[in-house]
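Worksheet for the structure shown next.
Here, each number is a calculation from the coordinates, and none is a lab measurement. Because the structure is predicted, anything quoted here is derived from the model rather than measured. When we count neighbours, we look across all protein chains shown, and the Cβ atoms used for this are built from the backbone with ideal geometry, even at glycine.
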Amino acid sequence: MLMDPEQVTKVNFQASKLGIGTNKVGGHNLFDGLDDHNGYEVIKEALDSGIQMIDTAYMYGLGRSEQIIGEAIKGYPRENFKIATKAAQDPDNHLSLNNDPAFLKKAVDDALRRLQTDYIDIFYIHFPDERTPKDEAVAALNELKNTGKIRAIGVSNFNLLQIKEANKNGQVDYVEDHYNLVHRDVEKTIWPYLKENHIQFVPYFPLASGLLTGKYTAQDTTQFSEWSTESFEVIINNLKKIKPISEKHQATIAQTVVAWYIANPEISAVIPGARLPEQVANNVAALKVTLSPQEYQTIDQLFGQF
Ligand SMILES: NC(=O)c1ccc[n+]([C@@H]2O[C@H](COP(=O)([O-])OP(=O)(O)OC[C@H]3O[C@@H](n4cnc5c(N)ncnc54)[C@H](OP(=O)(O)O)[C@@H]3O)[C@@H](O)[C@H]2O)c1
């Protein structure tokens, strides 16, 4: 179905603030021990719970994640949820990064086919390549936006200079980048530009790959090797300090952390990933947690050093 371009500007595009991340839905090339049936159930649980944003990418299973999502969304009214997907890794060239306009246009068509849908709500260039002028890559996506194949243009893992180049003609709607309570660089590096230019921000790794759920102890350092022992202990201790706030809201630490992002006006959508439908159900309950300004500040300051 073709859309009138006037109907799809960023002004009237509204996405729910709680979404679902799907790199563990079909992402066999990235994670061991995944089960496609669980992935399918993760998507169904998300849609049954009223989640309105699904974040996927070609790279998650080299199309497998998009295929599972395409199957799982059958039977749900398409207008009830948004799909964001991404591409840049070229399957015909050893997955090297490619932002060439022709490549991106084909990537959108391929994603539409795998997702079995008529349009993609947000299409992100997953990573910048080294050769394509970023405004030319975005101009190609803008053509697709005008035809209605995509509804918003995103870039992911772009630094500030690359975002500025991509947005030369004001055509970037979304930026997705690494951000969570223990990884806050973008607050200073890119948020001021995004705010000034009315570009929406979607953080990835909101739970720091599970670390911020509170399910790990100070001994579990091996799977979080990016942290020194000292920093890791600080994080675990700070999560314990969140507990009184969680208990007051009868919430888990994960729900409290997700509620903190939801309350943050700089964040457009929160997309915690899930391996199991139970995790989706658990994270959705974060929507019931409304932090007071003081609670928000307490959590903000506890993790201010990151
Ligand atoms: N644009 C990009 O380059 C980029 C990069 C990375 C991710 N992303 C997107 O961002 C999404 C979010 O990132 P992420 O999924 O990697 O990390 P995340 O959201 O920080 O952590 C998700 C992981 O935490 C665990 N978890 C989630 N809910 C839980 C709960 N209630 N209780 C206990 N454990 C729970 C699960 O892992 P276990 O069960 O294995 O512990 C889950 O896979 C991805 O799914 C993907 O869509 C984008």
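Taking 20 °C and 1.002 mPa s as conditions, the stretch 166-228 diffuses translationally at an estimated 158 µm²/s according to Stokes-Einstein applied to its Kirkwood radius (Cα pairs). Of the residues ALA259, ASN238, PHE205, the one whose Cα sits farthest towards the positive end of the charge dipole of the stretch 198-264 is ALA259 (charges of +1 on Lys and Arg Cβ, -1 on Asp and Glu Cβ, taken about the Cα centre). Each Lys or Arg adds one and each Asp or Glu subtracts one; over the other residues with Cβ under 14 Å from the Cβ of THR221, this totals -4. Result for the chain in a Gaussian network model with C-alpha springs under 10 Å: among PHE123, PHE81, PHE201, the largest mean-square fluctuation is at PHE81. Seen from PRO128, the other residues with C-beta closer than 11 Å to its C-beta sum to a net charge of -1, counting Lys and Arg as +1 and Asp and Glu as -1. Among beta bridges from DSSP that stay inside the stretch 89-186, the antiparallel ones total about 30%. Each residue of the stretch 237-243 was assigned a 3J(HN,Hα) from its phi angle through the Karplus expression (A = 6.51, B = -1.76, C = 1.60, θ = phi - 60°), giving 5, 5, 5, 5, 6, 6, 3 Hz with x at Gly and Pro. Taking θ as phi - 60° and the Karplus parameters 6.51, -1.76 and 1.60, the scalar couplings of the stretch 53-65 work out to 9, 10, 10, 9, 6, 3, 5, 7, x, 6, x, 5, 4 Hz in sequence order, x denoting glycine and proline.
Summary of packing: across the peptides 155-164, 63-72, the per-residue average of other C-beta atoms within 10 Å ranks them, highest first, as 63-72, 155-164.
When +1 charges are put on Lys and Arg Cβ atoms and -1 charges on Asp and Glu Cβ atoms, the dipole computed for the chain relative to its Cα centre reaches about 540 debye. Evaluated at q = 0.10, 0.11 Å⁻¹, the base-10 log of the normalised Debye intensity for the stretch 90-220, with identical point scatterers placed on the Cα atoms, takes the values -0.37, -0.44. In the chain, helices alone account for a calculated mean residue ellipticity at 222 nm of -11500 deg cm²/dmol, with every DSSP H run of four or more residues adding -39,500 (n - 2.57).
Multiplying the residue separation of GLN297 and GLU266 by 0.36 nm and removing their Cα-Cα distance gives an extension gain of 9.7 nm. If the segment from ASN29 to LEU276 were pulled out straight at 0.36 nm per residue, it would be longer than the present Cα-Cα gap by 87.1 nm. Taking amide H as placed 1.01 Å from N in the peptide plane, THR22 has its amide H under 5 Å from the amide H of ASP55, each at least 5 places away in sequence or on another chain. Taking amide hydrogens as placed 1.01 Å from N in the peptide plane, the amide H of VAL270 sits under 5 Å from those of LEU18, GLY19, each at least 5 positions away in sequence or on another chain.
Using a ≥ b ≥ c from the Cα gyration tensor of the stretch 9-130 (square roots of the eigenvalues), is it rounded, prolate or oblate, where a/c under 1.5 gives rounded and otherwise the larger of a/b and b/c decides, a/b for prolate? Since a/c reaches 1.5 but b/c is at least a/b, the shape of the stretch 9-130 is classed as oblate. At an R0 of 22 angstrom, the distance between the Cβ atoms of GLU136 and LEU160 translates into a FRET efficiency of 0.70. Given R0 = 30 Å, the distance between the Cβ atoms of PHE306 and TYR193 translates into a calculated FRET efficiency of 0.90. Taking the chain as a Gaussian network of alpha-carbon nodes connected by springs under 10 Å, the highest mean-square fluctuation of the residues LYS188, LYS44, LYS74 belongs to LYS188. A cut-off of 5 Å between modelled amide H atoms, ignoring neighbours fewer than 5 places along the same chain, links ILE83 with ILE54, ASP121, ILE122.
For the stretch 98-143, a simple Cβ point-charge model (Lys and Arg +1, Asp and Glu -1, everything else neutral) yields a dipole of about 140 debye relative to the Cα centre. Mind checking the log10 I(q)/I(0) for the chain at q = 0.06, 0.14 Å⁻¹? Debye, one equal scatterer per Cα, no solvent, two decimals. Normalising to I(0) and taking log10 leaves -0.19, -1.09. Summing charges over all other residues whose Cβ lies under 13 Å from the Cβ of HIS249, with Lys and Arg as +1 and Asp and Glu as -1, gives +1.
Here the dipole of the stretch 221-306 is about 280 debye; that uses its Cα centre as origin and unit charges on the Cβ of Lys and Arg (positive) and Asp and Glu (negative).
Ordering ASP90, ASP177, ASP55 from the fewest to the most neighbouring beta carbons within 10 Å gives ASP90, ASP177, ASP55. Per-residue Karplus couplings for the stretch 127-143, computed as 6.51 cos²θ - 1.76 cosθ + 1.60 with θ equal to phi - 60°, are listed in order as 9, x, 8, 9, 10, 7, x, 5, 5, 6, 4, 5, 4, 5, 5, 5, 4 Hz, Gly and Pro entered as x. Annotation: the antiparallel percentage among DSSP beta bridges lying fully within the chain is about 10.
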